[in-house]
1. Are there any pairs, at least 6 apart or on different chains, whose C-beta atoms fall under 6 Å, with the first in segment B:150-163 and outside any strand (DSSP E or B) and the second surrounded by 24 or more Cβ atoms within 10 Å (Cβ to Cβ), and if so, which?
2. For B:Ile82, all conditions in the list (1) open to solvent by 10 Å² or more (accessible area, probe 1.4 Å); (2) out of contact with any strand residue (DSSP E or B) (no Cβ under 8 Å at 6 or more places or on another chain); (3) of a type outside the set (Ser, Thr, Tyr) hold save one; what is the number of the exception?
3. So in segment B:136-147, with the set limited to residues that are open to solvent by 20 Å² or more (accessible area, probe 1.4 Å) and over 22 Å from A:Thr106 (Cα atoms), which one is modelled with the highest pLDDT?
4. What residue, of A:Met65, A:Met26, A:Met108, is facing another protein chain (nearest Cβ under 9 Å) and either open to solvent by less than 30 Å² (accessible area, probe 1.4 Å) or touching a residue at least 40 places away in the same chain (Cβ under 8 Å) (or both)?
5. Considering only residues that are surrounded by 15 or more Cβ atoms within 10 Å (Cβ to Cβ) and more than 19 Å from C:Arg113 (Cα to Cα), which ones fall in segment D:148-163?
6. Could we say that B:Asp8 is more than 12 Å from chain A (Cβ to nearest Cβ) and at pLDDT below 95 here?
7. How many residues, within segment C:40-60, are more than 11 Å from chain D (Cβ to nearest Cβ) and farther than 26 Å from C:Gly80 by Cβ?
8. Limited to segment C:93-105, what total is found for residues that are within 14 Å of chain A (Cβ to nearest Cβ) and open to solvent by 10 Å² or more (accessible area, probe 1.4 Å)?
Protein chains: 4
Amino acid sequence: MTTPPGGDGSHAGQTYPHAMDVFRRMDGLEALELMKQGKTPQTNLMRWMGYTLEQVERGKVTFAMIPRDELYNLIGSVHGGIITTLLDTALGSAVQSLLPSGRAATTMDLHTRFHRPVTTATGKVFAQAQVVHAGRRTATAEAKLVDATGKVYATGTSTLLILEDKPSAQV
Amino acid sequence: MTTPPGGDGSHAGQTYPHAMDVFRRMDGLEALELMKQGKTPQTNLMRWMGYTLEQVERGKVTFAMIPRDELYNLIGSVHGGIITTLLDTALGSAVQSLLPSGRAATTMDLHTRFHRPVTTATGKVFAQAQVVHAGRRTATAEAKLVDATGKVYATGTSTLLILEDKPSAQV
Amino acid sequence: MTTPPGGDGSHAGQTYPHAMDVFRRMDGLEALELMKQGKTPQTNLMRWMGYTLEQVERGKVTFAMIPRDELYNLIGSVHGGIITTLLDTALGSAVQSLLPSGRAATTMDLHTRFHRPVTTATGKVFAQAQVVHAGRRTATAEAKLVDATGKVYATGTSTLLILEDKPSAQV
Amino acid sequence: MTTPPGGDGSHAGQTYPHAMDVFRRMDGLEALELMKQGKTPQTNLMRWMGYTLEQVERGKVTFAMIPRDELYNLIGSVHGGIITTLLDTALGSAVQSLLPSGRAATTMDLHTRFHRPVTTATGKVFAQAQVVHAGRRTATAEAKLVDATGKVYATGTSTLLILEDKPSAQV
């Protein structure tokens, strides 16, 4: 077993790399289950956007977020970059859930397609991601952003490079 | 000429659609020049990320941002979604700079490729976008994120739908 | 009902636009069902690649192809462009199957991800495409290329513009 | 120096892997210069599409092709898959031109955006590709398809995985 990666909130300054160090010592699924229970450090971005991990199994995750107008673009809907951030998080986590300890995945590319505007009237949205193919060196995942009724607002795909012991390596 | 779209900061609540209403009454390049001068309303997202419009001409814009660790992911570099948000803003603005008043562009898809991690050590980064092709109904733009020495950290492309008088229309 | 669009093979020269004229007079699903029965004109490309339409319903199609080494790249597997051609055909047809007569869809972009090499040893492959979202002006579809056991070789996504009476219009 | 990789045309059957073996023994730029001189084996696909390598330097190549109606789709313009095949060839070659002997690049993904239809009336088209970023494990290139006047018909981007001694490895 592993110790929770510093769920005490005491992680100012250069904390994020430290959090990652802990993550890298753990099996991916185990780390994500701790995250789901709120026992892992949060980044400022996570707090600001307010997303949470709802479900996780090997190769499959769901994150959720409640749209606020603070996340809006100038056109009066949630900024496409914010939607992409949520999808990216889900896509990367779906791949991470398959990795043993000592391995990390880094996003090589991220492609989002927008189908409908997301607004505060949309209510809670869910980013559902699953792995399409995982090889030794790369993995591909796909995700969709849906509301509580299953209506699709955006879809995304991503290919990640799987790294061994080189967290911030240049691809 | 047009009046600045409420540069007084008094734009709480459902302000953003209002800001857009003003934008839509203006020529795209003119609106962006006001934005460059800081005379347009800012969204919370713009303030939080802290990006600014540095240069604008017809079909070509540059935004800048100073990386902070508040924008980090768990791996200790700026979250890919934040980089995408900056590129998206630049790509959309490059297209908007070509549009006459009464027309708006909405992002259909956004594809980002990540080449190197962006950290606080990177210093100020610049999202340079230009239009590749503009038709009557759609336009495509490309962008790159570089540092002060011109080193490339990410590249992105986007296709936008050009709308007449239907700001939040479903595509 | 409609007459089959010239299934007699007599379609040299500028035939293809003519074939399209016929297609445009038909409901999309109806036209694809004729194609499945081999009653529509074939392009040279279709004959050379040797793909066939296996299944079609509203919003969902499957094409099949048997890999031959004539379709190889220099590395000894089917050229990525050929795989993309097959996925593109499936993606476009999935959208077309939703359109009433008088409307056509034109591909705006096409994104293919390659997971494994396809060779003559792979045996028959299937390009399965389905529509993810269809709006008034655009539609998005996703596809995967699988073998007889369901193993995934490539995945693709595409957004198409929906045109009324303007077949070769510039987007 | 290296011997030309079998420019005698005697490469039926499982020749293509053999051609690749030769390619892999050569510096990438050197191999492409032989291809430009017509001294490398051609695949059936190259012959059928009729494209040629016009220019090559480190990180930058231009291929050319004359559109024929044999390459048409049902709408009466060159099939998007064919345009993608040409761009893919250029993108891959741009990366290959940077590689020393013993290394090969394999396409991970390919994203094409279509701006205008290509027809026989377009005349000779040129696929110009250049490398955007080359790391140790991956490289990204961008390309555009233009006519003799520089008008842009399509653009594409691709990320390739760089392999050592594992030509048909599963990514």
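The values are calculated or read from the model by the stated rules, or taken from the named source; none is laboratory data. Everything numeric here is computed off the predicted structure, so don't read it as measured data. All Cβ positions, even for glycine, are placed from backbone atoms using ideal geometry, and neighbour counts span all protein chains on display. Side chains included, ligands, DNA and RNA excluded: accessible areas come from the protein's heavy atoms. Shrake-Rupley method; radii C 1.70, N 1.55, O 1.52, S 1.80 Å.
1. none
2. Here B:Ile82 meets the rest and fails (1).
3. Looking at residues that are open to solvent by 20 Å² or more (accessible area, probe 1.4 Å) and over 22 Å from A:Thr106 (Cα atoms), I get B:Glu142.
4. Working: A:Met65 fails: facing another protein chain (nearest Cβ under 9 Å); A:Met26 fails: facing another protein chain (nearest Cβ under 9 Å).
Only one candidate qualifies: A:Met108.
5. Within segment D:148-163, D:Val152, D:Tyr153 qualify.
6. Here the answer is yes, as B:Asp8 does meet what is asked.
7. Number satisfying all stated conditions: 3.
8. The first filter runs over segment C:93-105 and keeps only residues within 14 Å of chain A (Cβ to nearest Cβ), leaving C:95.
Narrowing the set further to residues that are open to solvent by 10 Å² or more (accessible area, probe 1.4 Å) leaves none.
Counting residues in segment C:93-105 that are within 14 Å of chain A (Cβ to nearest Cβ) and open to solvent by 10 Å² or more (accessible area, probe 1.4 Å) gives 0.
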